[in-house]
Amino acid sequence: MVEVRELHEMAELERVDALFDDIWQFGPGAPPITIELMRALSHAGGYVAGAFDGERLVGASVGFLAAGRALHSHVTGATLRGAGLELKLHQRRWALERGLERITWTYDPLVRRNAHFNLAKLGARPVEYLPCFYGVLDDAINQGDETDRLLASWPLAAPPVRADRPVPDDVVVALADEGGRPVTASVAGARTVLVAVPEDVEGLRRADPGAGKAWRHAVREVLGGLMAEGHAVTGFSGKRYYVVERA
């Protein structure tokens with residue numbers, strides 16, 4: 001059983017640093033967050049927590065208070081299935097105890113498993129598309145790709161959501177996956193549209209960088225464009241499509 005608890009001591013934070021390095025392999029001098037900053041955030045009342053399987057650290061998360069009575073979860077990583085969910089539930093309890101209303105975080109819109117987890121499982125909703133938000137990173141996961149991100153917002157008082165919401169019969173696919181390549185289509189007049197993401201963008205970036213870049217730009221143009229026009233992402237369907245309700 002995974003146990004999540006807040007972390008404060010330098011020895012604990014050094015273990016978090018090692019865990020993050022094992023996940024992202026950023027290399028010397030470029031961690032997602034430094035030990036010193038984790039120490040400062042923990043001391044100042046920010047969120048620094050670890051997930052443990054017995055004595056083994058299997059996940060960690062670091063966040064800070066943000067505008068609008070929110071906790072912004074800056075970085076979360078896990079190496080054991082289920083640890084990520086336990087960290088999110090611990091964040092939720094932590095935030096509610098402090099009178100906060102929501103938790104926000106960013107994630108790569110092309111990663112299917114993260115989209116399904118965030119939208120279908122937790123019930124968070126993307127509220128902003130952020131092109132190349134962190135610049136070009138040099139870690140083992142993001143190397144060479146532009147860091148487009150979706151800003152997800154998780155309202156803590158919201159009722160549970162269905163794990164995989166149904167879509168209307170008259171839905172139109174705005175971006176499809178055809179043979180591993182993104183293909184756009186006209187959505188004129190459609191109230192609900194679907195935006196596909198690739199099956200495994202991380203593997204695609206390694207095997208076919210050109211296809212990975214094509215997906216990045218297609219999702220930015222279609223999903224980012226719809227959101228910029230004020231349309232709402234309301235779910236993630238079939239573990240492959242963003243569901244967008246047009247205003």
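Could you give the angle, 0 to 90 degrees to the nearest 10, between helix 83-97's Cα long axis and the longest principal axis of the Cα atoms of the chain?
80
Place +1 on the Cβ of every Lys and Arg and -1 on the Cβ of every Asp and Glu in the chain, take the dipole about the Cα centre, and give the residue among 43, 241, 84 whose Cα lies farthest towards its positive end.
Projecting each Cα onto the dipole axis, the largest value belongs to 241.
Give the angle, between 0 and 90 degrees and rounded to the nearest 10, that separates the Cα long axis of helix 209-219 from the longest principal axis of the Cα atoms of the chain.
In the chain, helix 209-219 runs at an angle near 80 degrees to the longest axis.
Under the rule of -39500 (n - 2.57) per DSSP H run of 4 or more residues, summed and divided by the residues of the chain, what mean residue ellipticity at 222 nm is obtained, to the nearest 500 deg cm²/dmol?
When only DSSP H runs of four or more count, the value is -7500 deg cm²/dmol.
Rounded if a/c is under 1.5, else prolate if a/b is larger than b/c, else oblate: which is region 193-247, with a ≥ b ≥ c the root eigenvalues of its Cα gyration tensor?
oblate
With every protein chain present, what is the per residue accessible area of the chain (1.4 Å probe, Å²)?
Normalised by residue count, the accessible surface of the chain is 49 Å².
Around residue 154, under 9 Å between beta carbons, what's the net of Lys plus Arg minus Asp minus Glu among the other residues?
Around residue 154, the surrounding residues sum to +4.
For residue 88, list the aspartates and glutamates whose Cα falls under 18 Å from its own Cα; do not include residues on the same chain fewer than 8 positions away.
In chain and number order, the partners are 3, 6, 53, 97, 101, 108.
Excluding same-chain residues fewer than 8 positions from residue 239, which lysines have a Cα within less than 16 Å of its Cα?
121
Enter the angle in degrees (range 0 to 90, nearest 10) between the Cα long axis of helix 10-24 and the first principal axis of the Cα atoms of the chain, meaning the one along which they spread out most.
Rounded to the nearest ten degrees, it is 30.
Taking H placed 1.01 Å from N in the peptide plane, check which residues at least 5 places from residue 173 or on another chain put their amide H under 5 Å from its amide H.
HN-HN under 5 Å from residue 173: 194.
With a 1.4 Å probe and all protein chains left in place, how much of the accessible area of the chain comes from carbon and sulfur atoms, in whole percent? Let's see the in-between values first.
Numbers: 6320 of 12120 Å².
Result for the chain: 52 percent of the exposed heavy-atom area is carbon or sulfur.
Starting from the Cα gyration tensor of region 35-100, take the square roots of the eigenvalues, sort them a ≥ b ≥ c, and report rounded, prolate or oblate (rounded when a/c is under 1.5, otherwise prolate if a/b is larger than b/c, else oblate).
It comes out oblate by the Cα gyration axes.
If you average the C-alpha positions of region 69-101 and of region 217-231 separately, how far apart do those two centres end up, in angstrom?
First find each Cα centre; the distance between them is then 28 Å.
If you add up the charges near residue 192, with Lys and Arg at +1 and Asp and Glu at -1, over every other residue whose beta carbon is less than 9 angstrom from its beta carbon, what do you get?
Once positives and negatives cancel, what remains is 0.
For 33, 23, what's the largest-to-smallest order of accessible area, 1.4 Å probe? Present the calculation step by step, with values, prior to reporting the outcome.
Working: 33 10, 23 40 Å².
Result of the area sort, largest leading: 23, 33.
What size of dipole, in debye to the nearest 20, comes out for the chain about its Cα centre when the only charges are +1 on Lys and Arg C-beta atoms and -1 on Asp and Glu C-beta atoms?
780
The values are calculated or read from the model by the stated rules, or taken from the named source; none is laboratory data. In this text the structure is predicted, and so the values were computed from the model without any measurement. No Cβ is skipped: glycine too gets one built from the backbone with ideal geometry, and neighbour counts run over all protein chains shown. Please note that ligands, DNA and RNA were not included when accessible areas were found on the heavy atoms of the full protein model with its side chains. Shrake-Rupley method; radii C 1.70, N 1.55, O 1.52, S 1.80 Å.
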